[in-house]
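Engineer: I have a structure I would like to understand better, so I am pasting it below and will then ask my questions one at a time.
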Amino acid sequence: MKLIRILIFIGLLILPLNLHGEVLLNQCNVADIKGSFNLIIYSNSFINDPETFLVLDKVDDMVKIVPYASEFKYRTMENLTEKEALKIAEEILKSAYVSSIKCSAISVGGNLAGYELKPIYFPWVFGILEPVETVYKKEGDSIFIFIRLNPYVERQLYFGGDSDKEN
């Protein structure tokens, strides 16, 4: 019993150290986006590509946002104003199948590092609103984006909706 108390006490001491570098996503409004950005366009391989989303990486901070993916899966447009970046975002993300654009502020330790913009699809297009899933992890001066297409959508696209064909 004493060992368990000691382990819990050590865990409580270490936990705040792990949270210091935690990357948080908070919902925001596109109108709040201001500044200069490097625009990361992920996927966008074909019209209404469900993997497509954008990240606006702040230029004037010391943190670089990088997709954890092959270089052919994304491209970066550097040093754009918010007006230029949002115009490109609107052109890429808006379509007849997209109901709205979800804006999330990306912050580390209370400091804003950038924004994530994802299309929210009408439910009848893929059966879910947000087909691409992202997780952000800070390592050193970089934030890596781990990207995954929702398995339900992946089966629809590549296996005709039949999960038995996966194997």
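Engineer: What is the gain in length, in nm to one decimal, between residue 32 and residue 124 on full extension, counting 0.36 nm per residue of separation less the C-alpha to C-alpha distance? Spell out each step's value before the answer.
Structural biologist: Numbers: separation 92, 0.36 × 92 = 33.12 nm, distance 3.01 nm.
In short, 30.1 nm is gained.
Engineer: Amide H neighbours of residue 68 under 5 Å, counting only residues 5+ apart in sequence or on other chains, H built in-plane at 1.01 Å?
Structural biologist: 145, 146, 147
Engineer: Now for a different question. Can you tell me the accessible area per residue over the stretch 36-147, all protein chains present, probe 1.4 angstrom, in square angstrom? Kindly include the intermediate steps, with their values, before the conclusion.
Structural biologist: Working: 5650 Å² over 112 residues.
Value for the stretch 36-147: 50 Å² per residue.
Engineer: Something else about it: In what sequence, highest mean first, do 73-80, 29-36, 98-105 appear when ranked by Cβ atoms within 10 angstrom?
Structural biologist: Numbers: 73-80: 14.5, 29-36: 12.8, 98-105: 16.6.
Averaged packing, sorted descending, gives the order 98-105, 73-80, 29-36.
Engineer: Out of residues 5 or more away from residue 114 or on other chains, whose amide H comes under 5 Å of its own, with H placed 1.01 Å from N in the peptide plane?
Structural biologist: Correct list: 58, 106.
Engineer: Around residue 53, which amide H atoms from residues at least 5 apart in sequence, or from another chain, sit under 5 Å from its own amide H, with H modelled in the peptide plane?
Structural biologist: For residue 53, the qualifying residues are 42, 44.
Engineer: Once you charge only the Cβ atoms, +1 for Lys and Arg and -1 for Asp and Glu, what is the size of the charge dipole of the stretch 45-167 about its Cα centre, to the nearest 20 debye? Before the final figure, lay out each step's value.
Structural biologist: Details: 14 positive and 20 negative charges, 29 e Å.
With Lys and Arg at +1 and Asp and Glu at -1, about 140 debye.
Engineer: Distance cut-off 24 Å, Cα to Cα: go down the list 34/73; 64/87; 102/137 and report the pairs above it.
Structural biologist: Beyond 24 Å between Cα atoms: 34/73.
Engineer: So what J values fall out for the stretch 72-89 if you push phi through Karplus, 6.51 cos²θ - 1.76 cosθ + 1.60 with θ = phi - 60°, rounded to Hz, Gly and Pro as x?
Structural biologist: 6, 7, 8, 9, 10, 10, 9, 6, 9, 6, 4, 5, 5, 5, 6, 5, 5, 4
Engineer: Convert each backbone phi in the stretch 64-71 into a coupling constant with the Karplus relation 6.51 cos²θ - 1.76 cosθ + 1.60 (shift: θ = phi - 60°), then list the ³J(HN,Hα) values in order as whole Hz, x for Gly and Pro.
Structural biologist: Values, residue by residue: 10, 9, 9, x, 7, 7, 4, 4 Hz.
Engineer: So what are the ³J(HN,Hα) numbers for the stretch 107-119, from phi and the Karplus equation (6.51, -1.76, 1.60; θ = phi - 60°), rounded to whole Hz, Gly and Pro as x?
Structural biologist: 9, 10, x, x, 9, 6, 10, x, 9, 10, 10, 10, x
Engineer: So if I average 1/r over every pair of distinct C-alpha atoms in the stretch 58-132 and take the inverse, what Kirkwood radius in Å does that give?
Structural biologist: On the way: mean 1/r = 0.0701 Å⁻¹.
Averaging 1/r across every pair of different Cα atoms and inverting gives 14.3 Å.
The values are calculated or read from the model by the stated rules, or taken from the named source; none is laboratory data. The structure presented is a predicted model; accordingly, all values stated were derived computationally and were not measured. Cβ coordinates were reconstructed from backbone atoms using ideal geometry, including for glycine residues, and neighbour counts include every protein chain displayed. We work out accessible area using only protein heavy atoms, side chains counted, and drop any ligands, DNA or RNA first. Shrake-Rupley method; radii C 1.70, N 1.55, O 1.52, S 1.80 Å.
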